[in-house]
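Undergrad: Below is one structure. I have some questions about it.
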Amino acid sequence: MSVWDDVVGQEAAIGILRRAVGAAAELVRAGRGLGVDSAEDAGEAAAVSGGMTHAWLITGPPGSGRSTAARAFAAALQCPEGGCGICHACTTSLSGAHADVSLVATEHVQLRVDDVRPLIQLAQRSPSAGRWRVIVIEDADRLNDSSGNVLLKAIEEPPPRTVWLLCAPGADDVLTTIRSRCRRIGLRIPPVAAVADLLVRRDGADPAIAAFAARSAQSHIGLARRLALDEAARIRRREVLKLPSTLRSVGAAVLAAGQLVEVCAEESKARTTERDAEEKSSLLRSLGAEGLSTLPPAVRTQVKQLEENQKRRATRAQRDVLDRSLIDLLSLYRDVLVLQLGANGREDSIELVNAEMAELIEAEARHSSATATLRRMEAIGVARERIEANVSPLMALESLMVQLRPAA
């Protein structure tokens, strides 16, 4: 067993991180820290420390396992055996319970200055129980200019026993000044077979369903797990893929857009409602106001702040669900294009993502051209960009569905 067991399909990245863990262990045995006074060049710092440095940027496509790799690295740094996966240091680091490993994630649109400032203070403290103080920021791409500049100061002047692990889809998603001070590790999309094997081994999924989930999620590990374990998610995805066959008129397109927004809103609400209630109950209990019919002004202020944060989180969750649905639609038209170009009949044939819906895909391929399919795929990309830019989801989807209609 090892902390790297769940980091699938990333052998090259794991090799680099393992060597850094070994270099870090040598520093600990020698009673030395990283010895970086000014971190203007992470590459030079890594060279001086034998491959270990104070700041890392782990990048990779969504679902490639950035956060999993960061947690595994954090656990290996704390482990006396370099990542055995079974000791107290490993298990607590992976679960987020280790005193010297801080896991930072946000469900808001951005990481704000108020989210980052406590981390700066934490970074200045020496490890209390472990070998290193490790701070993992899972959404470094959500740092804005203000919060990024606050973080930059801490990375520029790192304490000798503090390690920053930043995760983002790509290096360009992080401020230039920050990424220039980090050593970069790039992850790739893991093979479908590796993701399916992980679902069977780790989550006990049925092998056939695991293979379907890994293929349908296009190797996105988190989404594949959800598809493998949640039948409702599989049903919702199938209904989304059937939408193009219902778009026979402008009116039908508008209705389909409204239906998709409603379904996504219900799904995101189901994900957040129970958690919102638990957070509010916990806050009232901690303030000694649980069960009160009228809340004191000071308590009302904190409850209002919590509700505002929850509302922002719900907006983010709905956008994420909508975006996933659009990616599912994109995979459908990708399969249509594969058939139209004859790319599945060659010796090096390309496998369909949605092979279980071959009949629907074949019908779409027969009744349109490759040019029309590419135009529809481009329209889906535009809709995703509009939603990310805060355009009303309903308006963006109505425009999209009209463009997805079969040509007259």
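Undergrad: Could you please let me know if Arg183 is of a type in the set (Lys, Arg), under 28 Å from Ala97 (Cα atoms) and open to solvent by 10 Å² or more (accessible area, probe 1.4 Å)?
TA: Working: of a type in the set (Lys, Arg): yes; under 28 Å from Ala97 (Cα atoms): yes; open to solvent by 10 Å² or more (accessible area, probe 1.4 Å): yes.
Yes.
Undergrad: I would also like to ask the following. Tell me yes or no: at least one residue of the stretch 185-208 is within 25 Å of Ala123 (Cα to Cα) and more than 19 Å from the chain's Cα centre (by Cα). Don't jump to the end; show me each part of the working.
TA: If we filter the stretch 185-208 for residues that are within 25 Å of Ala123 (Cα to Cα), which is where we start, we get 185-186.
Pick out the ones that are also more than 19 Å from the chain's Cα centre (by Cα) and you get none.
No, there is no match, as no residue in the stretch 185-208 is within 25 Å of Ala123 (Cα to Cα) and more than 19 Å from the chain's Cα centre (by Cα).
Undergrad: Here is a follow-up. Looking at the stretch 368-390, which of its residues are modelled with pLDDT of 90 or more and either touching a His at 6+ places or on another chain (Cβ under 7 Å) or open to solvent by 40 Å² or more (accessible area, probe 1.4 Å) (or both)?
TA: Ser369, Thr371, Leu374, Arg375, Met377, Glu378, Val382, Arg384, Glu385, Arg386
Undergrad: Only one of these is surrounded by fewer than 16 Cβ atoms within 10 Å (Cβ to Cβ), basic (Lys, Arg), closer than 26 Å to Arg32 by Cβ and modelled with pLDDT under 95: Arg125, Arg117, Arg188. Name it.
TA: On the way: Arg117 fails: closer than 26 Å to Arg32 by Cβ; Arg188 fails: closer than 26 Å to Arg32 by Cβ.
Checking each option against the conditions leaves just Arg125.
Undergrad: Next up: Within the bounds of the stretch 200-214, is there any residue that is open to solvent by 70 Å² or more (accessible area, probe 1.4 Å) and either hydroxyl-bearing (Ser, Thr, Tyr) or touching a helix residue (DSSP H, G or I) at 6+ places or on another chain (Cβ under 6 Å) (or both)?
TA: Yes, the stretch 200-214 has at least one match.
Undergrad: Exactly one condition in (1) touching a residue at least 12 places away in the same chain (Cβ under 8 Å); (2) open to solvent by 90 Å² or more (accessible area, probe 1.4 Å); (3) of a type in the set (A, V, I, L, M) is false for Met395; which is it?
TA: (1) is the only condition that Met395 fails.
Undergrad: I've got another one for you. Residues Thr177, Thr106: which one is surrounded by fewer than 20 Cβ atoms within 10 Å (Cβ to Cβ), part of a loop (DSSP other than H, G, I, E, B) and β-branched (Val, Ile, Thr)? Break it down into steps so the answer makes sense when it comes.
TA: On the way: Thr177 fails: part of a loop (DSSP other than H, G, I, E, B).
The conditions single out Thr106.
Undergrad: So which residues in the stretch 253-290 are open to solvent by less than 40 Å² (accessible area, probe 1.4 Å), hydrophobic (A, V, I, L, M, F, W, C) and in contact (Cβ under 8 Å) with a residue 40 or more places away in the chain?
TA: Those that are open to solvent by less than 40 Å² (accessible area, probe 1.4 Å), hydrophobic (A, V, I, L, M, F, W, C) and in contact (Cβ under 8 Å) with a residue 40 or more places away in the chain: Ala253, Ala256, Ala257, Leu260, Val261, Cys264, Ala265.
Undergrad: Oh, and also: Does Leu103 satisfy being in contact (Cβ under 8 Å) with a residue 24 or more places away in the chain, within 21 Å of Thr177 (Cβ to Cβ) and among the aliphatic types (A, V, I, L, M)? Lay out the reasoning, then the answer.
TA: Values: in contact (Cβ under 8 Å) with a residue 24 or more places away in the chain: yes; within 21 Å of Thr177 (Cβ to Cβ): no; among the aliphatic types (A, V, I, L, M): yes.
Spelling it out, it is not the case that Leu103 is in contact (Cβ under 8 Å) with a residue 24 or more places away in the chain, within 21 Å of Thr177 (Cβ to Cβ) and among the aliphatic types (A, V, I, L, M).
Undergrad: Pick from the stretch 224-251 the residues that are open to solvent by 40 Å² or more (accessible area, probe 1.4 Å) and touching a residue at least 40 places away in the same chain (Cβ under 8 Å): which of them is nearest to the chain's Cα centre (by Cα)?
TA: Arg238
Undergrad: Kindly indicate whether Gly85 is on the phi > 0 side of the Ramachandran plot, at pLDDT 90 or above, part of a loop (DSSP other than H, G, I, E, B) and small (Gly, Ala, Ser).
TA: Numbers: on the phi > 0 side of the Ramachandran plot: yes; at pLDDT 90 or above: yes; part of a loop (DSSP other than H, G, I, E, B): yes; small (Gly, Ala, Ser): yes.
Judged against the criteria, Gly85 is a match.
Undergrad: Can you pull out every residue in the stretch 156-174 that is assigned to a strand (DSSP E or B) and more than 19 Å from Gly63 (Cβ to Cβ)? So that I can check it myself, show each step before the final result.
TA: So in the stretch 156-174, the residues assigned to a strand (DSSP E or B) come out as 162-168.
Once the filter is applied, which keeps residues that are assigned to a strand (DSSP E or B) and more than 19 Å from Gly63 (Cβ to Cβ), the stretch 156-174 yields Thr162, Val163, Trp164.
Undergrad: Condition first: open to solvent by 20 Å² or more (accessible area, probe 1.4 Å) and within 18 Å of Trp4 (Cα to Cα). Now tell me which residues in the stretch 60-91 satisfy that.
TA: Step one: filter the stretch 60-91 for residues open to solvent by 20 Å² or more (accessible area, probe 1.4 Å), giving 61-62, 66-68, 71, 80-82, 84, 86-88, 91.
Result: Arg66, Ser67, Thr68, Arg71, Pro80, Glu81, Gly82, Cys84, Ile86, Cys87, His88, Thr91.
The values are calculated or read from the model by the stated rules, or taken from the named source; none is laboratory data. Just so it is clear, the model here is predicted, and its values are computed rather than measured. We place every Cβ from the backbone using ideal geometry, glycine too, and count neighbours over all the protein chains shown. Just the protein is used for accessible areas: all its heavy atoms, side chains included, with ligands, DNA and RNA removed. Shrake-Rupley method; radii C 1.70, N 1.55, O 1.52, S 1.80 Å.
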